[in-house]
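A short worksheet on the structure shown next.
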Amino acid sequence: MDKKKITEQAEKLIKIAQREGKTVAKVSKPIAKKWLGKISSGIVALGEKGQQAASEIKTDEKTKDPEST
């Protein structure tokens, strides 16, 4: 093969790869959104549990030592 044919083949392969890459990105968006939503919900739930635990710790400290306030 000469350089021109190699270049043409490379250009074809690049175009195919770009097209396939766009297709994969379009197809994977809904899946990514679904999992990001689940992860986000989990983080929010974890944060709420952390706030509740911190609140309980403060309440426990106040009930154990009421003279310190």
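Just so it is clear, none of the values below were taken in a lab; they were calculated from the coordinates. None of these values were measured; they are calculated from a predicted model. Every residue, glycine as well, gets a Cβ built from its backbone with ideal geometry; the counts of neighbours run over all protein chains shown.
Around residue 41, with a cut-off of 14 angstrom between Cβ atoms, what is the net charge of the other residues, counting Lys and Arg +1 and Asp and Glu -1?
+3
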Any chance you could give the angle, 0 to 90 degrees and rounded to 10, that helix 3-64 forms with the longest Cα principal axis of the chain? 0 degrees
Out of 17, 63, 31, whose Cα points farthest toward the positive end of the dipole of the chain (charges: +1 Lys, Arg; -1 Asp, Glu; placed on Cβ)? 17
Using a Cα distance threshold of under 20 Å, what count of lysine pairs results for the stretch 1-40 when pairs must be 8 or more residues apart or interchain? 12
